[in-house]
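Report on the structure given below.
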């Protein structure tokens, strides 16, 4: 097969170049290629044939899109088999090799090749010229991307701004001011408006707040709150995505939490999968179509950065055995194929890696071979793609439990609830209960009106502390507050801050904190928590004497909580609690009072 090749050397290591050079979605957009979708047809053997149609360089194209192949940080290639257009096959091959530099650092040798096979007389006549032109255009973007990775450019590619009507810019500017006036805008209105108006579409499909926080150099909560405020204003639209447990793509999306189904089908993986609030329900954002409509699909639907949790993906012919050079960092991994079947989980702490024997039923692990190599055997009788993936979930996912435990979400989207009769389990939530001690006497001493104002101010104080510690007030009950946190350490920090601040108000607060699994339900038209974790947290608050904090053993023994307790007076106690068969052990913490 004809092949055109380009080579560069750079003073960045392969792992530093990989995130920019393997981002095929951004590269294709920068090349001016249109977004596209694929028609996915399941086969009797469980695999999926993906066919696409589009137009490039003036040619109408139709093709079968084969799965990409890659080894993280070292190599990727992609082949399309065309039935319409000048080529029968046309695709890139990237290789990144470590290169010892004269100063002792590790650089990279980057090789980019275009492999092509003509289909028509035009392909035979102009194939070499078209491949050279395409390769030179890619090479230009390679140099720009590397300069960006080195910090020499503020934008990855030289691209003209998107063509938008002036009314969209006027509207976005007005909405930026509205976002900044929101208590949750965090001064990010202009930055969000500029992003919507000028960013590459690849950066907005979808818009992930945690990734945005890194780019804007702000705390994750600030970016999440600003995106929620931008949705409320109309600059952004929110999407609840039900991610496939295999490819982790959003195969079902809805703007409302209540419309999330309990499961979905992934046509790309040809599997049905269920809903897990903690793993595969993610909140993402996109520009409002009234500001910047985006085309359906993507510029590359299956490149390495589309599934960054996949470390190795190989396309193997029937009966093929292949050994590759690969090193994986320590971690939790899964061996599988792109078609449904048995999977193998393994924990890697270094040393040789297991091989893969692949049959029509799935994957089997083989004894490790030589260190730095992995061997694949395809005994399935048909072509398939084998995968080695990190089985932990991405740090950029904003999961449903995180969202519903944020004060901004509960304030701005109070009507966001599950369907009646629906519920969702979460493995861990930290619940904090408070109550004012002696509030009845307070009403008698100062009168109803003044006491009511004092209690209302105390609610505002506690709500502010909860928000500052990445939590949310779930509800108030009389003079009591129930708050939820994703991290037990945040709940304890909030409890300490409450006791320190409430002392300045000459009030006495009772506080209890517990963490564990719970069920999320809709109760009284709001998202609430139900189960023994809720009951335990409430009972522990009942054991507080006032001015102290009662922590369950689960919270007190949390590794992130222990440093917070160092040096603070505390006593371990055990007490029978209503609703629990055995006496419950807990830690009573004497919180430091506020400085005068």
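The values are calculated or read from the model by the stated rules, or taken from the named source; none is laboratory data. The shown structure was predicted, so the numbers you read here are calculated from the model rather than taken from an experiment. All Cβ positions, glycine included, derive from the backbone under ideal geometry; neighbour counts span all protein chains shown.
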Please determine, by comparing only the residues of segment 235-254 that are touching a helix residue (DSSP H, G or I) at 6+ places or on another chain (Cβ under 9 Å) and touching a residue at least 60 places away in the same chain (Cβ under 8 Å), which one is farthest from residue 389 (Cα to Cα).
235
Looking across segment 305-332 at residues that are in a loop (DSSP other than H, G, I, E, B) and farther than 23 Å from residue 17 by Cβ, the single one that is farthest from the chain's Cα centre (by Cα) is 319
Among the candidates 436, 432, single out the residue that is modelled with pLDDT of 95 or more and within 27 Å of residue 561 (Cα to Cα).
432
If I filter segment 1-11 for residues that are under 29 Å from residue 317 (Cα atoms), at pLDDT 95 or above, touching a strand residue (DSSP E or B) at 6+ places or on another chain (Cβ under 7 Å) and surrounded by 14 or more Cβ atoms within 10 Å (Cβ to Cβ), do I get at least one hit?
yes
I'd like the full set of residues that are over 30 Å from residue 99 (Cα atoms) and within 32 Å of the chain's Cα centre (by Cα), limited to segment 57-74.
63, 64, 65, 66
Those residues that are in a loop (DSSP other than H, G, I, E, B) and either in contact with a helix residue (DSSP H, G or I) (Cβ under 7 Å, 6 or more places away or on another chain) or surrounded by fewer than 16 Cβ atoms within 10 Å (Cβ to Cβ) (or both), I need them from segment 73-115; list them, please.
73, 74, 86, 101, 102, 103, 104, 105
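Table: residues versus (1) closer than 26 Å to residue 397 by Cβ; (2) touching a residue at least 24 places away in the same chain (Cβ under 8 Å).
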site	(1), (2)
142	no, yes
146	no, yes
160	no, no
163	no, no
185	yes, yes
189	yes, yes
From 487, 528, grab the single residue that is within 24 Å of residue 565 (Cβ to Cβ), surrounded by fewer than 21 Cβ atoms within 10 Å (Cβ to Cβ), within 29 Å of the chain's Cα centre (by Cα) and modelled with pLDDT of 90 or more.
487
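Yes/no per residue for (1) more than 22 Å from residue 473 (Cβ to Cβ); (2) over 31 Å from the mean Cα position of the chain (by Cα); (3) at pLDDT 95 or above:
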{"site": "508", "(1), (2), (3)": "no, yes, no"}
{"site": "523", "(1), (2), (3)": "no, no, no"}
{"site": "547", "(1), (2), (3)": "no, yes, no"}
{"site": "561", "(1), (2), (3)": "no, no, yes"}
{"site": "589", "(1), (2), (3)": "no, yes, no"}
Touching a strand residue (DSSP E or B) at 6+ places or on another chain (Cβ under 8 Å), at pLDDT 95 or above and under 21 Å from residue 268 (Cα atoms): is that true of residue 94 in this structure?
no
Tally, over segment 456-468, of residues that are touching a strand residue (DSSP E or B) at 6+ places or on another chain (Cβ under 7 Å) and either surrounded by 21 or more Cβ atoms within 10 Å (Cβ to Cβ) or farther than 22 Å from residue 413 by Cβ (or both)
3
Only one of (1) surrounded by fewer than 22 Cβ atoms within 10 Å (Cβ to Cβ); (2) within 30 Å of residue 285 (Cβ to Cβ); (3) at pLDDT 90 or above; (4) in contact with a strand residue (DSSP E or B) (Cβ under 7 Å, 6 or more places away or on another chain) is not met by residue 420, so which one is it?
(3)
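Inside segment 333-352, can you point out the residues that are without any contact (Cβ under 8 Å) to a residue 24 or more places away in the chain, within 25 Å of residue 43 (Cα to Cα) and assigned to a strand (DSSP E or B)?
342, 344, listed by residue number.
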Any chance residue 411 is in the same structural domain as residue 555 (by TED's automatic domain parsing) and touching a residue at least 24 places away in the same chain (Cβ under 8 Å)
no
Just one listed residue, out of 297, 249, is more than 30 Å from residue 427 (Cα to Cα) and surrounded by fewer than 18 Cβ atoms within 10 Å (Cβ to Cβ), and it is 297
Quick one: which of 61, 33 is part of a loop (DSSP other than H, G, I, E, B) and surrounded by 13 or more Cβ atoms within 10 Å (Cβ to Cβ)?
33
